[in-house]
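K.L.:
Structure incoming, see below.
The values are calculated or read from the model by the stated rules, or taken from the named source; none is laboratory data. Bear in mind the structure is a predicted one, so any value in this text is a computation, not a measurement. As a convention, Cβ positions derive from the backbone with ideal geometry for all residues, glycine included, and neighbour counts pool all protein chains shown. The accessibility values were calculated without ligands, DNA or RNA, using every heavy atom of the protein model including side chains. Shrake-Rupley method; radii C 1.70, N 1.55, O 1.52, S 1.80 Å.
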Amino acid sequence: MEKENVVTLIDAFKDFKEEKNIDRPVMMGVLKDVFLTQIAKTYGSVDNFDVIVNVDKGTCEIYQNFEIVEEVEDPASQMTLEQVVEETGEDDYEIGDTYTKALSLKTFGRRGILNIRQNLQGRIMDIEKANVFKKYSEKVGEIFTGEVYQTWSKEVLILDEDGNELHIPREEQIPGEHFKKNDTVRAIIKKVDMKNNTTPYITLSRTSNEFLERLFEQEVPEILDGLITIKKVVRIPGERAKVAVESYDERIDPIGACIGVKGGRIIGIVRELRNENIDVIQWSNNQQILIQRALSPARITSIDMGSDPNEKVKVFMQPEEVKKGVGRGGCNIHLAGMLVGREIEVWRQVEDTQKDDEEDVLLSEFTNEIDAWVIERLQAIGCDTAKSVLSLDPADVAKRADLEDETVEEVFAILKAEFED
């Protein structure tokens, strides 16, 4: 019965080992340690015990070593010569010799065997979690493809082929996308944390810049081969992205290679990102050139970089170009600023030869009547004069400049009064 119990424990461990891919040295060490732990609980010490594990054969042998003495002081580690002869039936032992006997599993009792089993399962689970943490920590930054197992309002749960849980929190999902059970999802492995110091929590992301970069590497062989380098990626997930690329081979057009014939390469990326608009531009170390490329198709008249690198960059455009440069909701100019690492303001180019402009008034002249922060908001959307504001629809100004309708009404009233006077 005892041997059957030992074999059952070993077999259970072997099955678990094969399923969870635990390597041999770790497997043997854990099993040995589990038995030694129970021995320590039962006998108070493991100094005179040996545990021999052979997982391949499905055996675990436990031996207790006794010193043969004239008078026993510690029954757990000592025996008299008479006791040894009585137990073995042999008389070739002497005082001072060591007598070793196999320890029966029933010595631990039913409770002890249960403790061994529970301890073994707990240790295996700890190893499994550590292996999962290590496996995915080494894959941070790589794309993971899996099926949706369950969806909640705050996150999507995905299971890998081994049943491990991976999570896409709501903030890591592209706005407007919805998943249902069994959908195939691609995302980048963003980070791995130990939740409550016990369970690996694997976070996936579809909104990170790195996800877009990995998608380009998959679709554009020249990037994977190192012929084209992605210098920088900036995104407003679900809206627009800009990818700055550079080629070290003059014979390779980096933009054409990324887009592909008739857009064949980039179209797959756009669909993966729920039709996010992607601008591929050629990188330049010259910030003025980079700004011009980033704000394309808008044509820039001039750029004032300022003397302080912390200052806003002023970009001047003709009135008809401003809308294209700013983009819907200001996303184009915002991404351009992210690309160069500086905030960008769009200013309408004032032509001295135009009579209307000679009669126009700069917004900066209204600081006594309009709050400075309101004027800054208007300038950021390309309105630097009174008439440039009045030429727009108030509702459009409120939306683009992120102002309250009441504030815009007051501004329009002040500016109109200037010309009525």
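K.L.:
Given a Förster distance of 25 angstrom, what is the FRET efficiency for Thr407 paired with Gln349, based on the Cβ-Cβ distance and rounded to 0.05? Numbers along the way, then the final one.
P.N.:
Values: r = 26 Å, r/R0 = 1.06.
About 0.40, to the nearest 0.05.
K.L.:
Quick one: what does P(r) look like for the chain with 20 Å bins over all Cα pairs, in whole %?
P.N.:
19, 31, 22, 15, 10, 3, 0
K.L.:
Any idea how far apart Gln282 and Glu250 come out in nm if each label point goes 7 Å out from Cα toward Cβ?
P.N.:
1.2
K.L.:
A further question on this structure: Counting just the Cα atoms, what span does region 76-134 cover along each of its three principal axes? Round to the nearest Å and put the largest first.
P.N.:
57, 26, 16
K.L.:
With a 1.4 Å probe and all protein chains left in place, how much accessible area per residue does the chain have, in Å²? Walk me through the intermediate numbers first.
P.N.:
Values: 23630 Å² over 421 residues.
For the chain, the solvent-accessible area averages 56 Å² per residue.
K.L.:
Another one. Rounded to two decimals, what is Rg over Rh for region 143-301 when you use alpha-carbon atoms and the Kirkwood radius? Let's see the in-between values first.
P.N.:
Details: Rg = 17.8 Å, Rh = 17.2 Å.
Using only Cα positions, Rg/Rh for region 143-301 is 1.04.
K.L.:
Now for a separate question. I'd like the trypsin sites (Lys or Arg not before Pro) in region 226-294 restricted to DSSP loop residues with at most 12 other Cβ atoms within 10 Å, sorted by number. Let's see the in-between values first.
P.N.:
Details: sites: Lys231, Lys232, Arg235, Arg240, Lys242, Arg251, Lys262, Arg265, Arg271, Arg274, Arg293; in loops: Arg251, Arg265, Arg274.
Sparse-neighbourhood loop trypsin sites (Lys or Arg not before Pro): Arg251.
K.L.:
Please give, to one decimal in nm, the separation of the simple spin-label points placed at Ala372 and Glu311, each 7 Å out from Cα toward the Cβ.
P.N.:
Using points 7 Å along Cα→Cβ, the separation is 1.6 nm.
K.L.:
Mind jotting down the distance between the C-alpha centroids of region 320-335 and region 197-246, whole Å?
P.N.:
Each part reduced to its Cα centre gives a spacing of 24 Å.
K.L.:
Ok, one more. With N denoting the number of residues in region 205-263, provide Rg(C-alpha) divided by 2.2 N^0.38 Å, to two decimal places. Show your work: numbers first, answer last.
P.N.:
Values: Rg = 11.5 Å, N = 59, 2.2 N^0.38 = 10.4 Å.
In units of the 2.2 N^0.38 Å rule of thumb, it is 1.11.
K.L.:
Where is the GNM fluctuation largest for the chain (alpha-carbon springs, 10 angstrom cutoff): Val148, Val346, Val46?
P.N.:
Val46
K.L.:
What FRET efficiency comes out for Arg271 versus Ala130 if R0 is 56 angstrom and r is the Cβ-Cβ distance? Round to the nearest 0.05.
P.N.:
On the way: r = 38 Å, r/R0 = 0.68.
The calculated FRET efficiency here is 0.90.
K.L.:
Report, to the nearest whole %, how much of the accessible area of the chain belongs to carbon and sulfur atoms, 1.4 Å probe, protein only. Could the numbers behind the result be given before it?
P.N.:
Working: 10650 of 23630 Å².
C and S fraction of accessible area: 45 percent.
K.L.:
Any idea what the relative contact order of region 281-421 is, in percent, if you count C-alpha pairs under 8 Å spaced at least 6 apart? Walk me through the numbers on the way to the answer.
P.N.:
Details: 189 pairs, mean separation 24.5, N = 141.
Here the relative contact order equals 17 percent.
K.L.:
Taking R0 as 30 Å, what's the FRET efficiency between Glu86 and Ile52 from their Cβ-Cβ distance, rounded to 0.05?
P.N.:
Numbers: r = 26 Å, r/R0 = 0.87.
Efficiency at R0 = 30 Å is approximately 0.70.
K.L.:
Let me ask something additional. Quick one: grab Rg to one decimal and Dmax as a whole number for region 244-327, Cα atoms only, in Å.
P.N.:
15.4, 43
K.L.:
Give the Cα extents of region 94-202 along the principal axes, in whole Å, largest first.
P.N.:
So the extents along the principal axes, rounded to whole Å, are 84, 28, 24.
K.L.:
Report the antiparallel proportion of the DSSP beta bridges in the chain as a percent, rounded to a multiple of 5. Intermediate results must be reported in sequence, preceding the final value.
P.N.:
On the way: 44 of 60 bridges.
In the chain, approximately 75 percent of DSSP beta bridges are antiparallel ones.
K.L.:
Still on this model: Between the DSSP loop rule and a limit of at most 16 other Cβ atoms within 10 Å, which chymotrypsin sites (Phe, Trp or Tyr not before Pro) in region 239-342 are left? Walk me through the intermediate numbers first.
P.N.:
Values: sites: Tyr248, Trp283, Phe316; in loops: Tyr248, Trp283.
Qualifying residues, ordered by number: Tyr248.
K.L.:
Expected output is a single nm value to one decimal: the length gained when fully extending between Val140 and Glu420, i.e. 0.36 nm times separation in residues minus the C-alpha distance. What is it? Please report the intermediate quantities before stating the final value.
P.N.:
Numbers: separation 280, 0.36 × 280 = 100.80 nm, distance 6.33 nm.
Full extension from Val140 to Glu420 adds 94.5 nm.
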